[in-house]
Structures are given as structure tokens and as C-alpha cells.
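Handing you a structure now.
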Amino acid sequence: MFARTIGDGAELRPFEPWQAAEFAEHAERVRKDIEEYIPWARTVVDAESARALLQSYADKQAEDSGRLYGIWVDGVLQGGTLFRVFDTARGVCEAGVWLAREARGRGLVTAAVRVMIDWAVRERGMHRVEWLCAPENTASAAVAERLGMTCEGVHRQAFVMDGEHRDVQVWAVLADEWTS
């Protein structure tokens with residue numbers, strides 16, 4: 001298994017189904033901090049549901065349609081990154097993130113996603129990397145901006161969460177714009 005250093009004591013590593021217990025404990029610990037924006041924060045409630053999510057991403061990785069990584073700080077799982085969508089035929093992928101409150105402010109998400117985008121563009125030939133966030137999630141939008149992405153607009157009432165139609169802000173960087 002590989003690990004990429006993304007900061008002092010921080011590593012980006014792939015997630016696998018055998019890590020379900022650790023992921024479930026992490027989900028419980030960070031739930032209040034992320035559930036407003038991260039749908040799985042409400043559904044991963046034990047090792048079984050954690051394993052199901054991790055297995056779904058293992059299946060996506062095998063199909064070359066998605067990937068999931070964790071961010072460990074000093075050996076403790078503090079967050080993660082993912083390619084929620086990875087469409088090689090269209091050359092388009094979507095990066096997403098979450099991070100525990102206590103690990104924020106260190107640039108870990110920006111560093112981790114920079115590694116991911118660089119790999120997607122340079123190694124896999126992706127043409128477009130998207131970043132979707134709630135318009136009120138200014139911290140997420142700030143990461144997209146730091147990564148050199150362009151805010152392309154807002155899809156009004158684009159998805160449902162808690163029975164409510166919500167807007168989503170769309171950011172993207174194109175391969176010919178990407179500089180790591």
C-alpha cells in the first residue's frame with residue numbers, strides 16, 4: 001500500500017474494506033462536524049455500514065469509476081478525499097473531501113486534493129476535475145479557489161438532503177489550466 005506525505009505527520013492513503021472498524025469509529029467522532037454537507041456521515045453508523053461504503057468504493061476502483069482515500073495525522077484517521085465520479089470515457093472526475101475539525105487549518109485538504117488532481121490529469125488523462133459544494137460552505141469553496149479552480153455557477157435545487165432540495169456550487173479546473 002502506498003502513502004503520500006501531505007504535511008507534518010500527515011499522510012494520504014487508500015481506504016479498503018478491511019478498515020471498516022476504524023472508519024466507523026472515525027465517522028462517529030466527526031459526524032457532528034460534517035453531516036451538514038457529507039451524506040454518508042448519516043448512514044455510516046457501525047462497522048457493517050462502514051464496510052458497505054468502503055466496499056462500494058473498492059468496487060468503483062475496480063471498475064475505474066471512483067476512489068476513496070483517508071487522511072491520517074500522527075496515525076489517527078482525521079478525514080479523507082475521494083473521486084465520487086471518475087469517468088474516463090468523458091475525461092471528467094469529481095473530487096470531494098471531509099476533515100475533522102481538529103485537523104483543519106493546516107492545508108491538508110488542499111495538499112491531498114492537489115495530489116489527486118495531479119494524478120488524475122497527468123497519469124490518467126482526465127480533462128476536467130470538478131468540485132461541488134454547498135454555496136454556504138465557504139471553507140470548501142476556498143479550497144477550490146486555492147486549487148486554481150473556477151467557479152462556474154450554481155445548480156439550483158440540484159439534490160435532495162433531509163427532504164430538502166439544495167443548491168450546489170460547481171467549481172472546475174481543466175487539464176490545460178492545471179499547475180501543481
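Checking residue 24 against (1) open to solvent by 10 Å² or more (accessible area, probe 1.4 Å); (2) without any contact (Cβ under 8 Å) to a residue 24 or more places away in the chain, only one condition comes out false. Which one?
Failed condition: (2).
Filter the range 29-42 for residues that are open to solvent by 70 Å² or more (accessible area, probe 1.4 Å) and either in contact with a Leu (Cβ under 8 Å, 6 or more places away or on another chain) or outside any helix (DSSP H, G or I) (or both) and give the result.
Kept after step one, since they are open to solvent by 70 Å² or more (accessible area, probe 1.4 Å), are these residues of the range 29-42: 29, 32, 36-37, 39, 42.
Matches in the range 29-42: 36, 37, 39.
Let me ask another. If you check residue 45 against the conditions, is it modelled with pLDDT of 95 or more and part of a loop (DSSP other than H, G, I, E, B)? Break it down stepwise before answering.
Values: modelled with pLDDT of 95 or more: yes; part of a loop (DSSP other than H, G, I, E, B): yes.
For residue 45, the condition - modelled with pLDDT of 95 or more and part of a loop (DSSP other than H, G, I, E, B) - is met.
Right, another one. Suppose the filter is closer than 28 Å to residue 178 by Cβ and without any contact (Cβ under 8 Å) to a residue 24 or more places away in the chain; does residue 89 pass it?
Here the answer is yes, as residue 89 does meet what is asked.
So which residues in the range 127-167 are part of a strand (DSSP E or B) and open to solvent by less than 20 Å² (accessible area, probe 1.4 Å)?
129, 131, 133, 161
Hey, another quick one. For the range 114-126, check the following and say yes or no: at least one residue is in a strand (DSSP E or B), at pLDDT 95 or above and of a type in the set (Lys, Arg). Working first, answer last.
Initially, the range 114-126 is screened for residues in a strand (DSSP E or B), giving none.
No; the residues of the range 114-126 include none that is in a strand (DSSP E or B), at pLDDT 95 or above and of a type in the set (Lys, Arg).
Using beta carbons and a limit of 6 Å, which pairs, at least six apart or on different chains, have the first residue in the range 161-180 and more than 30 Å from residue 125 (Cβ to Cβ) and the second one surrounded by 14 or more Cβ atoms within 10 Å (Cβ to Cβ) and not charged (D, E, K, R)?
Hits for this filter: 167/135.
Scan the range 55-98 for residues that are part of a helix (DSSP H, G or I), surrounded by 17 or more Cβ atoms within 10 Å (Cβ to Cβ) and among the hydroxyl-bearing types (Ser, Thr, Tyr) and jot them down.
57
Return the total of residues in the range 99-115 being open to solvent by 10 Å² or more (accessible area, probe 1.4 Å) and touching a residue at least 24 places away in the same chain (Cβ under 8 Å). Can you show your working first?
First pass over the range 99-115, keeping only residues open to solvent by 10 Å² or more (accessible area, probe 1.4 Å): 99, 101-102, 104-107, 109-111, 114-115.
Of the ones still in play, those that are also touching a residue at least 24 places away in the same chain (Cβ under 8 Å) are 99, 101-102, 104, 106-107, 109-111, 114-115.
Selection size over the range 99-115: 11.
Here is a check on your reading of the model: is residue 150 among the polar types (S, T, N, Q) and over 23 Å from residue 87 (Cα atoms)? Please lay out each step first, then the result.
On the way: among the polar types (S, T, N, Q): yes; over 23 Å from residue 87 (Cα atoms): no.
Spelling it out, it is not the case that residue 150 is among the polar types (S, T, N, Q) and over 23 Å from residue 87 (Cα atoms).
The values are calculated or read from the model by the stated rules, or taken from the named source; none is laboratory data. Not measured: the values here are computed from a predicted model. Quick reminder, even Gly has a Cβ in these numbers, built from the backbone with ideal geometry, and neighbours come from all protein chains shown. Heavy atoms of the whole protein, side chains included, go into the accessibility calculation; ligands, DNA and RNA do not. Shrake-Rupley method; radii C 1.70, N 1.55, O 1.52, S 1.80 Å.
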